[in-house]
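These notes concern the structure reproduced below.
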Amino acid sequence: MGGFLASAADIMMAYAISSLLSDDNGFASIDLDTTFHRPAFEGMIEIKAEVERLGRTIGYVTAELVQNDKKVASCVSSVLIQQKSIILPKEDA
């Protein structure tokens, strides 16, 4: 279930970066690398996500997944940050 763990880490990294952006910004992962260090077992896994660098257009986020005080996996992600476009309705002539 490595894809599930990578997805859970990606979600937590999204929360981490969104906490630093304004409502006028949108973002999307453009790269996600996951390294598995040992098998994960049924039960609780703690995910700690941190924004390592935040620029105007690119952010770099990391996450560690820990189970029973042992690192199960680590993830790094590059995130594209863009200003949201506002589309105004056309005025009737």
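What to note about this one:
- Number of residues in segment 54-69 that are charged (D, E, K, R) and either touching a Cys at 6+ places or on another chain (Cβ under 7 Å) or surrounded by 10 or more Cβ atoms within 10 Å (Cβ to Cβ) (or both): the value is 1.
- Entirely in segment 1-74, the strands (runs of 3 or more DSSP E) that have 2 or more residues that are small (Gly, Ala, Ser), under 30 Å from Ser85 (Cα atoms) and in contact (Cβ under 8 Å) with a residue 24 or more places away in the chain: 25-36, 58-67
- Selection of segment 35-78 for residues being acidic (Asp, Glu) and more than 20 Å from Ala14 (Cα to Cα) yields Glu42, Asp69.
- Scanning segment 1-38 for residues that are closer than 24 Å to Arg56 by Cβ and of a type in the set (Phe, Trp, Tyr) gives Tyr15, Phe27.
- The residue of segment 75-93 that is surrounded by the most Cβ atoms within 10 Å (Cβ to Cβ), among those that are of a type in the set (A, V, I, L, M) and in contact (Cβ under 8 Å) with a residue 60 or more places away in the chain, is Val79.
Quick note: the coordinates plus some simple rules give every number you see, no bench work behind them. Predicted model only: the values in this text are computed from it and were never measured. As a convention, Cβ positions derive from the backbone with ideal geometry for all residues, glycine included, and neighbour counts pool all protein chains shown.
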